[in-house]
Amino acid sequence: MIAVVADTNVLISALLFGGLPGSFLDLAFMKAFQLVTSPVLLDELVEKLRLKFSVSPADADLIRAKLQHNARVIVRMLCCRSSRKIPMMIAFLNAPSQRRRSTSLAGIVIC
């Protein structure tokens, strides 16, 4: 099954505005693919929903619980904030474990 990590902005668009991001989230809930997230991304989502969009704490907690139930929550994941860093991340993941210790991951955050 394909695993997909959705950016916080995609999830906010899906939840608040529907459209294509909403269809994406519907497909995730129907298990068309495996939605993958992390506690860090869920925390960011709840924070943005509450502070920027005035979602109540109770509703934000319900959204978080539904996503946790329907997604695979990974505690540690690589978060690449720039497409220029993707080749470096792929090289890191493909390197033998002994070489990983000496590989620089500047610009890639381990969440």
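So, of the residues in the range 40-49 that are under 15 Å from Ala65 (Cβ atoms) and over 9 Å from the mean Cα position of the chain (by Cα), which turns out to be surrounded by the fewest Cβ atoms within 10 Å (Cβ to Cβ)? Break it down stepwise before answering.
So in the range 40-49, the residues under 15 Å from Ala65 (Cβ atoms) come out as 41-43, 45-46, 49.
Okay, now just the ones that are also over 9 Å from the mean Cα position of the chain (by Cα), so 43, 45-46, 49.
On the way: Asp43: 12, Leu45: 23, Val46: 19, Leu49: 22.
Applying the filter and picking the extreme gives Asp43.
Could you check Val40 against (1) at pLDDT below 95; (2) in contact with a helix residue (DSSP H, G or I) (Cβ under 9 Å, 6 or more places away or on another chain) and say which number it fails?
(2)
Please state which of the following conditions Arg64 fails to meet, knowing it meets all the rest: (1) more than 13 Å from the chain's Cα centre (by Cα); (2) modelled with pLDDT of 95 or more; (3) surrounded by 15 or more Cβ atoms within 10 Å (Cβ to Cβ).
Condition not satisfied by Arg64: (1).
Conditions (1) in contact with a strand residue (DSSP E or B) (Cβ under 8 Å, 6 or more places away or on another chain); (2) outside any helix (DSSP H, G or I), marked per residue:
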| position | (1), (2) |
| --- | --- |
| Met1 | yes, yes |
| Asn9 | no, no |
| Leu20 | no, no |
| Leu27 | no, no |
| Lys31 | no, yes |
| Leu35 | yes, yes |
| Glu44 | no, no |
| Phe53 | no, yes |
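May I ask you to list the residues in the range 1-38 that are among the polar types (S, T, N, Q) and surrounded by fewer than 16 Cβ atoms within 10 Å (Cβ to Cβ)?
Asn9, Ser23, Gln34
The values are calculated or read from the model by the stated rules, or taken from the named source; none is laboratory data. Values in this document were obtained by computation on a predicted structure and should not be read as measured data. Note that we place each Cβ from the backbone using ideal geometry, even for glycine, and neighbour counts take in every protein chain shown.
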